[in-house]
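Asker: Here it is, the structure in full.
The values are calculated or read from the model by the stated rules, or taken from the named source; none is laboratory data. Quick caveat, the model's predicted, so the values are computed rather than measured. Cβ placement follows ideal geometry from the backbone for every residue including glycine, while neighbour counts extend to all protein chains displayed. With ligands, DNA and RNA removed, areas are computed over all heavy atoms of the protein, side chains included. Shrake-Rupley method; radii C 1.70, N 1.55, O 1.52, S 1.80 Å.
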Amino acid sequence: MKVPLHLVEARRQQLAALLQQRSYLPIQEVCSLLQVSEATARRDLRALAREKRIVRTFGGAVSDFNQRFASFRERQTQFRDAKNRIAAGARQLVQPSTTIYLDAGTTVAALAEALRHKPVTPLRVVTHSLPAAETLAGVEGVTVFLTGGHFLNRQSILLGPEAGKALAFYTIDVAFLGAEAADKNGVWNSTEEVVHHQQIALKRARHHALCLDASKFGHTAPAFLKAWSGVETLVTDLPETELLKLASPIPKQVLHT
């Protein structure tokens, strides 16, 4: 029996919304979430791809997040001095003979640069950020572990279920995370899938530090990551007087740079 067009369009709208939230969905998960056959899921994905609302991948699809969101290289040039100061502050939290996790994002990538110039060794680094992995690869005394996952080329990250599952193999001493926004309620990021991966990293970590430059404060983003009451360490260039206005309660430890 032929499904009415308005129901097909509603289902495809739901699929597009799910991809905006999660960034990446394998075909099996599309079938499970929408309760459709694989053939129907593939037809819906092809239709959304023709409308340029998603990007097809082998075995699934990604939202247009990878295309509409500023690329890693574009973001890397913004607030560079602030990011370098934050990286220098975060480096103080890195101890020899530990395992650290480096999140995606340009501020955490600046920490990788700081560790390349002034290594802390021996050190194990787990990351899904290709720039961070490339920066530290070959540094004597530093061992880099890159997770698997779906490669988002403009963001230079590996994301998806495989990337999250890979973190289960590691016990992390300190996880260094970035974010897209912060307001009185807490910290926000670009998509649900990015936040989901960060939450897995937080569960595997004994300690964590959020690295946020001043431009991230005072607004929100699509996906909520963490309330301030759950933030262990914040490394920021935002002055203390401004932080008191924009974050409540203040994190347990704050390193101002």
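Asker: Any residue at all in the range 229-236 that's among the acidic types (Asp, Glu), in contact with a Pro (Cβ under 8 Å, 6 or more places away or on another chain) and buried (at least 16 other Cβ atoms within 10 Å of the Cβ)?
Answerer: Among the residues of the range 229-236, at least one is among the acidic types (Asp, Glu), in contact with a Pro (Cβ under 8 Å, 6 or more places away or on another chain) and buried (at least 16 other Cβ atoms within 10 Å of the Cβ), which makes the answer yes.
Asker: OK, next. For the range 47-69, which residues satisfy the criterion of being surrounded by 13 or more Cβ atoms within 10 Å (Cβ to Cβ) and either modelled with pLDDT of 65 or more or among the aliphatic types (A, V, I, L, M) (or both)?
Answerer: 47, 48, 49, 53, 54, 55, 56, 61, 62
Asker: Give the residue, chosen from 94, 126, 120, that is open to solvent by less than 20 Å² (accessible area, probe 1.4 Å) and closer than 17 Å to residue 198 by Cβ.
Answerer: Exactly one of 94, 126, 120 is open to solvent by less than 20 Å² (accessible area, probe 1.4 Å) and closer than 17 Å to residue 198 by Cβ, namely 126.
Asker: Quick one: in the range 131-166, which of the residues that are touching a residue at least 60 places away in the same chain (Cβ under 8 Å) and more than 14 Å from residue 105 (Cα to Cα) is surrounded by the fewest Cβ atoms within 10 Å (Cβ to Cβ)?
Answerer: Of everything passing the filter in the range 131-166, 161 is surrounded by the fewest Cβ atoms within 10 Å (Cβ to Cβ).
Asker: Same structure, new question: Considering only the range 188-214, how many residues are over 28 Å from residue 17 (Cβ atoms) and open to solvent by 40 Å² or more (accessible area, probe 1.4 Å)?
Answerer: Residues that pass the stated criteria total 3.
Asker: Give me the pairs: first residue in the range 183-201 and at positive phi, second residue of a type in the set (Ser, Thr, Tyr), beta-carbon distance under 9 Å, and six or more apart or on different chains, which are they?
Answerer: 186/229
Asker: Scan the range 231-241 residue by residue and report those that are over 12 Å from residue 212 (Cβ atoms) and in contact with a helix residue (DSSP H, G or I) (Cβ under 9 Å, 6 or more places away or on another chain).
Answerer: Initial filter on the range 231-241 (over 12 Å from residue 212 (Cβ atoms)): 232, 239-241.
Listed by number, the list holds a single entry, 239.
Asker: Would you mention how many residues in the range 175-187 are in contact with a Lys or Arg (Cβ under 8 Å, 6 or more places away or on another chain) and open to solvent by less than 10 Å² (accessible area, probe 1.4 Å)?
Answerer: Looking only at the range 175-187, we keep the residues that are in contact with a Lys or Arg (Cβ under 8 Å, 6 or more places away or on another chain), and these are 175, 179-182, 186-187.
Subset that is open to solvent by less than 10 Å² (accessible area, probe 1.4 Å): 175, 179, 181-182, 186-187.
Adding up the residues that qualify gives 6.
Asker: Still on this structure, I have one more. Contact list please: Cβ distance under 7 Å, first residue in the range 88-103 and over 21 Å from residue 203 (Cα atoms), second residue assigned to a strand (DSSP E or B) and open to solvent by less than 10 Å² (accessible area, probe 1.4 Å), pairs at least six apart or on different chains.
Answerer: Listed pairs, sorted by first residue: 89/235; 96/123.
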